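Reviewing the structure listed below.
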Amino acid sequence: MIARRIAPLMLVLALASVARAVEPAAPGLGYDHPLTGRVWDVAQDRFVTLDALGTAVSGARFVLLGERHDHPEHHQFQAWLLRRMVDAGRRPAVAFEMLDTTQAPALARHLAAAPRDAAGLGEAVGWRAAGWPAWRLYQPIADTALAAGLPIVAANLPATAARAVTRGDLAALDPALVRRHGLDRPAAEQAALEEEIRAAHCGALPDTLVPGMVTAQRARDAEMTERLVAGQRDGAVLIAGAGHVRTDRGVPRVLALLVPEARVVSVGFVEVAEGWTRPADYAARFGSGPHLPFDYIWFTARADNVDQCARLRRRAPADPD
Ligand code: HEM
């Protein structure tokens, strides 16, 4: 009875803490955009509350939370959704794209020695050396997971294998993975995947590289999905880049093949753009026709206003500039 009376209060407090996180931290990043902080239910074609999203993820077997890697709020919101699942009594495994299978032994050693030590996990697995944004951005997710005793799963292909696949060397992969997912053949949606990779790299890639990169992307999706399915306990949550959790390709498509009966919820964290005030405006960003390729979109402010293509061109060694 008491629990029932304080539950709404707990919810208000939890939502207030999320609301605090979306308060203007810096001007010009879209904190005052009408979509910021709102959640769009794609199938129902309407906005829903954060509470409704929390309920939806708590009822799914696989929950896919697609981020922009270097957006600190995306990780806070992923942690918030995971906490909602735990509060609802769920005990899912938590799989990370950012951890690859070669890191699994170091991860297991760390968790055996210090099962609650989320802060030290990054250093224990060599997170920084792999080139991901700082571990402290992701730590809120691990704080929640380890406090609830949830397993952590290293889900991704090793970078060396992905790089070999990019060069056309499928021998770097488990032959059974290649066979099960037809990685030695073009994908049904090959043209769309090639366009996505080209656009993600700002149209700057030589054409000859693109098919291999598509195969690497598909191989990562296949591996992560298999690890998610094998590592699930009371279901599983995947922390990954938004591109991997699109419902029209990526992990949701592979899950539909491997476990067609499972309830899957994919949430895309999407940064608002000035002048784009309706969810449908964002379909163009995904090249998915009029459809938004997620079950839910959680609109957020932007992490920065940096031109990603200018940044990428600066990084490219072959750039004549
Ligand atoms: C601004 C954002 C991005 C930058 C700066 C970037 C940069 C790079 C670089 C430098 C490589 C070569 C890596 C290596 O060989 O070690 C690469 C590979 C690759 N990128 Fe991107 N990329 C970006 C976004 C994306 C996105 C959004 C996707 C997904 C659609 C993607 C998919 C891939 C794939 C599949 C490869 C092939 C090798 C691998 O999977 O590791 N990239 N990217």
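Any chance you could count how many residues in region 204-221 are among the acidic types (Asp, Glu) and open to solvent by less than 40 Å² (accessible area, probe 1.4 Å)? Steps first, answer last, please.
If we filter region 204-221 for residues that are among the acidic types (Asp, Glu), which is where we start, we get 207, 221.
Now restrict to residues that are open to solvent by less than 40 Å² (accessible area, probe 1.4 Å): 221.
Qualifying residue count, region 204-221: 1.
Of all residues in region 204-232 being in contact (Cβ under 8 Å) with a residue 60 or more places away in the chain and within 13 Å of the ligand (Cβ to nearest atom), which is farthest from Leu257 (Cα to Cα)?
For region 204-232, the residue satisfying everything is Ala204.
Out of (1) within 15 Å of the ligand (Cβ to nearest atom); (2) β-branched (Val, Ile, Thr); (3) closer than 20 Å to Ser288 by Cβ, the odd one out for Val264 is which?
Val264 satisfies all of (1) within 15 Å of the ligand (Cβ to nearest atom); (2) β-branched (Val, Ile, Thr); (3) closer than 20 Å to Ser288 by Cβ except (1).
Would you confirm whether any residue within region 123-141 is over 19 Å from Gly231 (Cβ atoms), aliphatic (A, V, I, L, M) and at pLDDT 95 or above?
Yes, that holds for at least one residue.
Would a scan of region 163-180 turn up a residue that is within 14 Å of the ligand (Cβ to nearest atom), closer than 30 Å to Met85 by Cβ and outside any helix (DSSP H, G or I)?
No, because not a single residue in region 163-180 is within 14 Å of the ligand (Cβ to nearest atom), closer than 30 Å to Met85 by Cβ and outside any helix (DSSP H, G or I).
Thr101 is checked against (1) touching a residue at least 24 places away in the same chain (Cβ under 8 Å); (2) open to solvent by 20 Å² or more (accessible area, probe 1.4 Å); (3) away from the ligand (no atom under 16 Å from the Cβ) and fails just one. What number does that condition carry?
So Thr101 meets the others, but not (3).
Which condition number does Trp276 fail, the rest of (1) surrounded by fewer than 19 Cβ atoms within 10 Å (Cβ to Cβ); (2) within 16 Å of the ligand (Cβ to nearest atom); (3) under 23 Å from Glu73 (Cα atoms) being met?
It fails just one condition, (2).
Of all residues in region 206-241, which are among the aliphatic types (A, V, I, L, M) and over 20 Å from Tyr138 (Cα atoms)?
Leu209, Val210, Met213, Val214, Ala216, Ala219, Ala222, Val229, Ala230, listed by residue number.
Considering only region 18-124, give the helices (runs of 4 or more DSSP H) lying wholly within it that have at least 1 residues that are hydroxyl-bearing (Ser, Thr, Tyr).
Working: elements: 50-58, 72-87, 104-113.
Passing ranges, in order: 50-58.
Among (1) exposed (fewer than 15 other Cβ atoms within 10 Å of the Cβ); (2) under 18 Å from Asp221 (Cβ atoms); (3) modelled with pLDDT of 95 or more, which single condition is Arg167 missing?
Here Arg167 clears every test but (2).
Do we have Gly122 as over 25 Å from Gly37 (Cβ atoms), without any contact (Cβ under 8 Å) to a residue 24 or more places away in the chain and either touching a Phe, Trp or Tyr at 6+ places or on another chain (Cβ under 6 Å) or crowded, with 19+ Cβ neighbours inside 10 Å (or both) here?
For Gly122, the condition - over 25 Å from Gly37 (Cβ atoms), without any contact (Cβ under 8 Å) to a residue 24 or more places away in the chain and either touching a Phe, Trp or Tyr at 6+ places or on another chain (Cβ under 6 Å) or crowded, with 19+ Cβ neighbours inside 10 Å (or both) - is met.
It is to be established whether one or more residues within region 184-203 are in a loop (DSSP other than H, G, I, E, B), more than 14 Å from the ligand (Cβ to nearest atom), open to solvent by 20 Å² or more (accessible area, probe 1.4 Å) and of a type in the set (A, V, I, L, M, F, W, C).
yes
Is there a residue in region 300-307 that is open to solvent by 30 Å² or more (accessible area, probe 1.4 Å) and closer than 19 Å to Leu205 by Cβ?
yes
Say whether the condition of being modelled with pLDDT under 60 and either within 21 Å of the chain's Cα centre (by Cα) or of a type in the set (A, V, I, L, M) (or both) is met by at least one residue in region 25-40.
Among the residues of region 25-40, at least one is modelled with pLDDT under 60 and either within 21 Å of the chain's Cα centre (by Cα) or of a type in the set (A, V, I, L, M) (or both), which makes the answer yes.
Of the residues Thr144, Thr160, which single one is polar (S, T, N, Q) and open to solvent by 40 Å² or more (accessible area, probe 1.4 Å)?
Thr160
The values are calculated or read from the model by the stated rules, or taken from the named source; none is laboratory data. Owing to the predicted nature of the structure, the values given are computational and were not obtained by experimental measurement. FYI the Cβ positions are ideal-geometry reconstructions off the backbone, even for glycines, and counts take in every protein chain you see. Side chains included, ligands, DNA and RNA excluded: accessible areas come from the protein's heavy atoms. Shrake-Rupley method; radii C 1.70, N 1.55, O 1.52, S 1.80 Å.
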